[in-house]
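J.: Handing you a structure now.
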Amino acid sequence: MTISPALVSAFAPGGTLRASINLGNPILANKDATSGKPVGVSIDLAREFARRLGVGVELVVFEKAAASVDAVKNEKADIGFFAIDPARSEGLLFTAPYVLIEGSYLVPEASALADNAQVDAKGHRISVGSGSAYDLFLTREIKAAEIVRLQGAGPALAALRSGEVEVAAGIRQMLEGEAQRAPGVRVLPSRFMVIQQAMGTPASRGAAAQALLAAFVEEMKASGFVADALKRHRIEGASVAPAA
C-alpha cells in the first residue's frame, strides 16, 4: 500500500500519529501488569497503522469511552477505536467494524429476571458506564426502566452489588468475569446488543483519509492480524467482524 505524503500529513500533521486509547474496554486495551503500559488489540492496530504511514505513534490514554471519543472529535488525537453509534457520528469518520463484542445484563443471583425482555419494566434501574456504547444504545431503546449513568464500568458493577440498581449493563466478557470473581450475581443468557468496534478519525481529515483507514481495517481483518491479536492477548468474548 503506497500512501501519499498528503495523506500521511492528514493523519499525522505533527509528524506523530496520536492514537486515542480507551482502557475502559478490556477487550481492546489493558495496562500491562509488569510495565503499566497500555497493551491490546487497539494498541497493536495503532502501531501497525503508524508503521504504514512511516511515522511514530503516541498513545493518548483514557479510562472511559466518552473521553476517548471526545479527544478525536476535538482533534486532540488523530485516530481512535470506538463502538459505532449514531450518537457519535457528528465530527467523526468511521471505518467498518473490525471486532464484534456482545453487550449483556448482570443481575443479582436471587433476581426474578430470567431474560432480556423482562429488564425494561417500571421500577427497574439499570447501571451503565456513562457515554459507553451500551449507554447510548439503551438510551434509545429503554422505555420504562431507569438508566443510572455512572463514571465507568467499575462503579456500575458496584451499584448492582450494593443494591442501588437491579441490573448492570456492560460487555459480556467483563460481566462474566465479575460473576466469577465473587458469588451473588449472574449474567442473563443472551446478548441485548452487538457492539461494533471500529476505527475513526476526525471528520476534518477528509474522505480520502477515511478511505485509507477503512482499507487498512479490511486488510487487518482479512490477513488474520486482528484474529492473531485477539489470540495473543488472550481475549475471549469477541470475534473478528466480517468483511465490509
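J.: Being closer than 20 Å to V217 by Cα and either free of Cβ contacts under 8 Å to residues at least 12 places away in the same chain or in a loop (DSSP other than H, G, I, E, B) (or both) is the requirement here; does A77 meet it? Can you show your working first?
T.: Details: closer than 20 Å to V217 by Cα: yes; either free of Cβ contacts under 8 Å to residues at least 12 places away in the same chain or in a loop (DSSP other than H, G, I, E, B) (or both): yes.
Yes: the conditions hold for A77.
J.: Shifting gears a bit: Out of all the residues in segment 149-182, which are closer than 18 Å to L136 by Cα and assigned to a loop (DSSP other than H, G, I, E, B)?
T.: The answer is Q151, G152.
J.: A further question follows. Among the residues of segment 208-220, write down those that are open to solvent by 10 Å² or more (accessible area, probe 1.4 Å) and in contact (Cβ under 8 Å) with a residue 40 or more places away in the chain. Walk me through it before giving the result.
T.: Going residue by residue through segment 208-220, those that are open to solvent by 10 Å² or more (accessible area, probe 1.4 Å) are 208, 210-212, 214-215, 218-219.
Within segment 208-220, A208, Q210, L212, A214, A215, E218, E219 qualify.
This table checks each residue for (1) modelled with pLDDT of 95 or more; (2) open to solvent by 10 Å² or more (accessible area, probe 1.4 Å).
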| residue | (1), (2) |
| --- | --- |
| L136 | no, yes |
| A159 | yes, no |
| P202 | yes, no |
| A222 | yes, yes |
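J.: Moving to a separate point now. Got a number for residues in segment 85-94 being part of a loop (DSSP other than H, G, I, E, B) and either surrounded by fewer than 18 Cβ atoms within 10 Å (Cβ to Cβ) or at pLDDT 90 or above (or both)?
T.: Residues flagged as part of a loop (DSSP other than H, G, I, E, B) and either surrounded by fewer than 18 Cβ atoms within 10 Å (Cβ to Cβ) or at pLDDT 90 or above (or both) within segment 85-94 amount to 3.
J.: Which of (1) modelled with pLDDT of 95 or more; (2) more than 30 Å from R52 (Cβ to Cβ) does E218 not meet, given it meets every other one?
T.: It is condition (2) that E218 fails.
J.: Assuming K143 fulfils every condition listed in (1) in a strand (DSSP E or B); (2) out of contact with any Pro (no Cβ under 9 Å at 6 or more places or on another chain) apart from one, which condition is it?
T.: Among (1) in a strand (DSSP E or B); (2) out of contact with any Pro (no Cβ under 9 Å at 6 or more places or on another chain), the lone unmet condition for K143 is (1).
J.: State all residues of segment 106-134 that are open to solvent by less than 30 Å² (accessible area, probe 1.4 Å), within 17 Å of A67 (Cα to Cα) and part of a loop (DSSP other than H, G, I, E, B); if no residue qualifies, say none.
T.: G131, S132
J.: OK, next. Of all residues in segment 15-68, how many are surrounded by 21 or more Cβ atoms within 10 Å (Cβ to Cβ), of a type in the set (G, A, S) and in contact with a strand residue (DSSP E or B) (Cβ under 6 Å, 6 or more places away or on another chain)?
T.: Number of matching residues: 9.
J.: Inside segment 179-200, can you point out the residues that are open to solvent by less than 20 Å² (accessible area, probe 1.4 Å) and in contact with a Gly (Cβ under 9 Å, 6 or more places away or on another chain)?
T.: Result: I195, M199, G200.
J.: Need the failing condition index for S111 against (1) under 19 Å from G24 (Cβ atoms); (2) among the small types (G, A, S); (3) in contact (Cβ under 8 Å) with a residue 24 or more places away in the chain, just the number.
T.: Unmet for S111, out of (1) under 19 Å from G24 (Cβ atoms); (2) among the small types (G, A, S); (3) in contact (Cβ under 8 Å) with a residue 24 or more places away in the chain: (1).
The values are calculated or read from the model by the stated rules, or taken from the named source; none is laboratory data. Source: prediction; values computed, not measured. Please note: Cβ atoms are built from the backbone with ideal geometry, for glycine as well, and neighbour counts cover all protein chains shown. Calculation scope for accessible area: heavy atoms of the full protein, side chains included, ligands and nucleic acids excluded. Shrake-Rupley method; radii C 1.70, N 1.55, O 1.52, S 1.80 Å.
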